[in-house]
Amino acid sequence: MIPVLLLLAALLASPQTAAPSADQVTALLRAKDQALLDAIAPGDTKTWDAALADGAVYVDENGETIPRAEYLKQLTPLPAGASGTIKISQYSATLYGDVATVIHTDDEVENYHGETLHAQYLTSETWQKTGDDWKLLLVHTYAVQHDPPAVKLAPQDLDAYAGRYAAGDLVYTIRRDGDHLVGTREGRPPVTLSAELRDVFFIVGQPRTRKIFQRNGEDKVTGFVDRREGVDLVWTRVK
């Protein structure tokens, strides 16, 4: 990868009448972004301070809006026992004069006390050309969610969930189909319900939601909640 300073020097050395091409600017911004990602693990505030515009804002994967000064303050080296890298795997930039919008996908590999952890982030940014350089105005990072591993439940355990459920005027029907459950909300196509563990199910491709079943004192299923980001839609079992 070409260092940021070499890319910037090449652009500045271009004839004054020839503006940098979109590809050249994209290469420069990608190099800057990779340098910023490389600076996270060691807590390199100097690199971030040089790239962030005055008044820049960072929105992290937890939805917290962090002003420039606060972000730099909390950027510290990873604690003992933790190390890792974040590499850009996909990158696109669109230019609007002196403003560029960027979207990039970042793959993280972390060694956490001997365990290898993987994560992926989708980041959107706004850059603005200031003088001969580009400054970062806004960063919004989203943690890409993935389906959990599924487990197999015994047929008799799956049968306990089969039935009809209601939430207001909505109706949801669950039946067993061999070694798995199939759920159907009236007016919609049926979907496979995969077990994450007993009483917790998910739909492949919808990692934001879970179906969490509830039981009474006799261990009978009485209903479930559709949970998305901590908010529940309550379904009650009906005859």
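Take the conditions (1) part of a loop (DSSP other than H, G, I, E, B); (2) of a type outside the set (A, V, I, L, M); (3) farther than 29 Å from residue 229 by Cβ; residue 79 misses just one of them, which is (3). The test for being in the same structural domain as residue 82 (by TED's automatic domain parsing), surrounded by 18 or more Cβ atoms within 10 Å (Cβ to Cβ), polar (S, T, N, Q) and free of Cβ contacts under 8 Å to residues at least 24 places away in the same chain holds for residue 47.
Answer yes or no as to whether residue 209 is under 17 Å from residue 148 (Cα atoms), modelled with pLDDT of 95 or more and not assigned by TED's automatic domain parsing to the domain that holds residue 120. Considered against the rule, which asks whether it is under 17 Å from residue 148 (Cα atoms), modelled with pLDDT of 95 or more and not assigned by TED's automatic domain parsing to the domain that holds residue 120, residue 209 comes out as yes.
For the criterion of being aliphatic (A, V, I, L, M), in contact (Cβ under 8 Å) with a residue 60 or more places away in the chain and surrounded by fewer than 14 Cβ atoms within 10 Å (Cβ to Cβ), residue 22 passes. Of the strands (runs of 3 or more DSSP E) lying entirely inside segment 138-239, those carrying at least 3 residues that are over 31 Å from the mean Cα position of the chain (by Cα) are 163-167, 170-177, 231-238.
Within this structure, residue 126 fails the test of being in contact with a strand residue (DSSP E or B) (Cβ under 9 Å, 6 or more places away or on another chain) and more than 22 Å from residue 68 (Cβ to Cβ). Do the conditions hold for residue 67, that is, is it at negative phi, over 16 Å from the mean Cα position of the chain (by Cα) and surrounded by 15 or more Cβ atoms within 10 Å (Cβ to Cβ)? No, not satisfied. Residue count for segment 171-194, restricted to those that are within 17 Å of residue 235 (Cβ to Cβ) and touching a His at 6+ places or on another chain (Cβ under 8 Å): 1. Looking across 197, 153, 181, one residue alone is more than 30 Å from residue 35 (Cβ to Cβ) and in contact with a helix residue (DSSP H, G or I) (Cβ under 6 Å, 6 or more places away or on another chain). It is 181.
Screening residue 130 on (1) in the same structural domain as residue 26 (by TED's automatic domain parsing); (2) more than 30 Å from residue 92 (Cα to Cα); (3) at pLDDT below 95 shows it passes everything except condition (2). I'd like to check something: does segment 111-118 contain any residue that is part of a strand (DSSP E or B) and within 30 Å of residue 19 (Cβ to Cβ)? Checked against the condition, which is being part of a strand (DSSP E or B) and within 30 Å of residue 19 (Cβ to Cβ), segment 111-118 yields no hits at all. Out of 160, 82, one residue alone is in contact with a strand residue (DSSP E or B) (Cβ under 9 Å, 6 or more places away or on another chain) and in the same structural domain as residue 224 (by TED's automatic domain parsing). It is 160.
The values are calculated or read from the model by the stated rules, or taken from the named source; none is laboratory data. Fair warning: this is a prediction, and the values are worked out from it, not measured in the lab. Every residue, glycine as well, gets a Cβ built from its backbone with ideal geometry; the counts of neighbours run over all protein chains shown.
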